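Right, one structure below, let's go through it.
Values in this text are rule-based calculations from the coordinates and carry no lab data. Predicted model, so just to flag it, every value in this text is computed and none were measured.
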Amino acid sequence: MSTTLPSFAELNPAAWIQLADERPILMQRLVQSQTYGGLLVGLPNGRVNQGILEDVAGVARAEFGELPEPIVIRPALVPFTMKRQRRSISKAGLGPGEGEIFDVTDYRLPLVKCMASFRCPQTLAPPDGMGLFDYSVATVVWFQDSYAMPIAKAVLHEI
C-alpha cells in the first residue's frame, strides 16, 4: 500500500473542502474581485456578461499559470431592475438627469468573481505503486454574490 507524506500546508490547512465523493481537497490560493469592477458607465447586460465569461479563463491563466486549464463554473444569471434617467455626457463629465425616469430590466452575473487553485493530496497511483508525490490539481473559476469563505453551496456541488 502506498503512503502519502503530508506537506506542512496539509498539516496546517487554511481551507480544506470535502467533495461530494468524500475526497478532501486543499485550497492553495484564492483570488477574488468584483465581477463588474471595471464597468465604469452603464449596467450589466448580455454583451457585458458574455465578455466577462469569455475573458475569465484568460484572467485565471494569467493569475495561476497556463496549466492546468482553468475550469469555469457557469453561473446562473440574476434578474435585476433599476431606475434610470438619461444624462448628457460632455468633457466636463456627466450632466444632470434629463427627462423621464424609466426602469431598466436585465440580467447580471453574481457580484464576486472567485478564482482558486485546489490540490487533492490523495495519491493517484494504484495502491501497489509508489505514488508518493502523485496528486491532482485544478484551477477553478466561479461567481457568487458574496466574498468567499464560505463557498456557495451550489458552487461546491459543481466543484
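Scalar couplings 3J(HN,Hα) for the range 140-147, obtained by applying the Karplus form with A = 6.51, B = -1.76, C = 1.60 to θ = phi - 60°, are 10, 10, 8, 10, 8, 7, 9, 5 Hz; x denotes Gly and Pro. Distance between the C-alpha centres of the range 53-74 and the range 140-159: 16 Å, rounded to the whole angstrom.
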